[in-house]
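Here's the structure, in structure tokens; my notes come after.
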There are 2 protein chains.
Amino acid sequence: MNEPTFLILTALAGESRHGYAVIEDVEQMTGGRVRLRAGTLYAALDRLRGEGLIEVDREEVVQSRLRRYYRLTGAGEQSLQTETDRLRAQATIAEGRLRARRTNFGGATA
Amino acid sequence: MNEPTFLILTALAGESRHGYAVIEDVEQMTGGRVRLRAGTLYAALDRLRGEGLIEVDREEVVQSRLRRYYRLTGAGEQSLQTETDRLRAQATIAEGRLRARRTNFGGATA
DNA sequence: TGGTATATGCCGACGGTCGGTATATGCTGC
DNA sequence: GCAGCATATACCGACCGTCGGCATATACCA
């Protein structure tokens with residue numbers, strides 16, 4: 001799973017959100033680092049819907065503008081959990097190796 | 001940074017490795033989940049070398065076969081550390097939201 | 001002799017993201 | 001009044017990284 005996809009799923013894990021709200025939540029979540037492109041978002045939303053990881057929660061019209069809210073499905077929740085575990089496991093391995101490196105070579109500026 | 005790239009960098013963080021050894025290390029590291037394709041690996045190795053994140057450590061000939069060993073550069077090490085921190089941060093956010101979900105809806109089978 | 005493992009490398013195909021554009025409305029500043 | 005920006009959805013071509021297959025070559029085992 002790619003980063004944008006993971007972030008979209010995470011955004012929807014918090015609560016039902018419409019597309020634009022996902023963009024904003026991801027931006028905030030990543031400290032401004034990731035601002036999803038509209039093309040990326042809506043393509044991913046369609047794909048995720050096709051995969052059954054998310055579904056349409058409801059539609060609202062606010063100030064004459066449509067808002068389509070999406071929510072995580074059970075499969076989506078499980079998928080996000082699996083992915084999260086993987087991320088953590090990989091981070092732990094990488095961190096361990098980086099730490100070992102510094103122990104062996106860090107102090108000596110070899 | 002995509003997953004294969006991250007895993008390659010992690011493999012080289014442990015010690016200098018030649019291409020095929022990277023494939024094996026990544027496979028072991030991910031519990032057999034990820035077996036890098038040769039195409040993916042060597043393309044990534046070239047790209048990473050171009051970006052200055054890795055460099056050729058040495059070349060050996062073992063049983064008439066060339067082995068080109070790669071190692072992480074300082075920039076590569078830093079890049080891996082940054083990426084690792086990001087992974088961990090994202091995992092933490094996702095985990096928090098998943099936990100909150102279960103607290104709110106998990107017990108009720110709503 | 002054929003199959004697998006080691007080892008590097010090229011190539012076309014594909015999927016997901018990027019960047020731009022279209023459409024439409026409301027708000028703010030000049 | 002109108003330009004510019006934020007909101008909001010959606011399509012499109014371009015691009016990049018990965019996939020999957022193939023080529024090359026040697027060693028080992030059945």
**OP:** Scan the stretch A:56-70 and give yes if some residue there is under 27 Å from B:T30 (Cα atoms), within 16 Å of DNA strand C (Cβ to nearest atom) and out of contact with any Cys (no Cβ under 9 Å at 6 or more places or on another chain), otherwise no.
**Re:** no
Subject >> Search result, residues across the stretch B:4-22 that are open to solvent by 10 Å² or more (accessible area, probe 1.4 Å) and either away from chain A (no Cβ under 11 Å) or not in a loop (DSSP other than H, G, I, E, B) (or both) >> reply: B:P4, B:T5, B:G14, B:S16, B:R17, B:H18, B:Y20, B:A21
**OP:** With the checklist (1) open to solvent by less than 30 Å² (accessible area, probe 1.4 Å); (2) modelled with pLDDT of 95 or more in hand, flag the one item B:R86 doesn't pass.
**Re:** (1)
**OP:** Six or more apart or on different chains, Cβ under 9 Å: which pairs go from a residue in the stretch B:34-54 that's near DNA strand C (Cβ under 10 Å from one of its atoms) to one that's part of a helix (DSSP H, G or I) and open to solvent by 60 Å² or more (accessible area, probe 1.4 Å)? Could you list them?
**Re:** B:A38/B:Y20; B:L41/B:Y20
Original post:
Do we find a residue being within 16 Å of DNA strand D (Cβ to nearest atom), surrounded by 15 or more Cβ atoms within 10 Å (Cβ to Cβ), within 11 Å of another protein chain (Cβ to nearest Cβ) and at pLDDT 95 or above anywhere in the stretch A:52-63?
Top reply: no
Original post:
On the given criteria, is B:T92 of a type in the set (S, T, Y), in contact with an Asp or Glu (Cβ under 6 Å, 6 or more places away or on another chain) and within 14 Å of chain A (Cβ to nearest Cβ)?
Top reply: no
**OP:** Could you please give the count of residues in the stretch A:71-83 that are more than 10 Å from every other protein chain (Cβ to nearest Cβ) and crowded, with 17+ Cβ neighbours inside 10 Å?
**Re:** 3
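The values are calculated or read from the model by the stated rules, or taken from the named source; none is laboratory data. Computed from a prediction, not measured in an experiment: that's the story for all the values here. For neighbour counting, all protein chains shown are included, and Cβ atoms are generated from backbone atoms with ideal geometry for every residue, glycine included. Each accessible area value is taken on the protein alone, full model and side chains, heavy atoms only, with ligands, DNA and RNA left out. Shrake-Rupley method; radii C 1.70, N 1.55, O 1.52, S 1.80 Å.
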